[in-house]
1. Work out how much length Met45 to Tyr4 would gain on full extension: take 0.36 nm times their residue separation and subtract the Cα-Cα distance, in nm to one decimal.
2. Kirkwood Rh, the chain, all Cα pairs: how many Å?
3. With θ set to phi - 60°, apply the Karplus curve 6.51 cos²θ - 1.76 cosθ + 1.60 along the stretch 45-52 and write out the HN-Hα couplings as whole Hz, x wherever there is a Gly or Pro.
4. Using a basic spin-label model with each label point 7 Å from the Cα along Cα→Cβ, how many nm lie between His52 and Arg25?
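Taken together, the values in this text are just the output of simple stated rules run on the coordinates, not laboratory data. Because the structure is predicted, anything quoted here is derived from the model rather than measured. Methodologically, a virtual Cβ is constructed for each residue, glycine included, from the backbone with ideal geometry; neighbour enumeration extends over all protein chains shown.
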Amino acid sequence: MLRYDGTVYRGEGAGEPEGAAFCPRCYEETGRRVRLQTELAVSRMGAVQRWHCPVCGGRYPVSPQLADD
Ligand SMILES: [Zn+2]
């Protein structure tokens, strides 16, 4: 199953790849689980990692792993 972490969906539970992130736009609009890729974006703040969806082209900040509730 997938759990929304505030930015992207995360695989959670048996059979899910560890640390996998899925595009929230694709999942919510089409139900497709599209694995996000990481890319480096260079800004004035330096290089930051972000998620990139190869299907819809969406980009999302890489958030620190949230603590379990
Ligand atoms: Zn997408």
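1. The span from Met45 to Tyr4 would gain 12.1 nm if fully extended.
2. So the Kirkwood estimate lands at 12.6 Å.
3. 7, x, 7, 10, 8, 8, 7, 9
4. Going from the His52 label point to the Arg25 one covers 1.4 nm.
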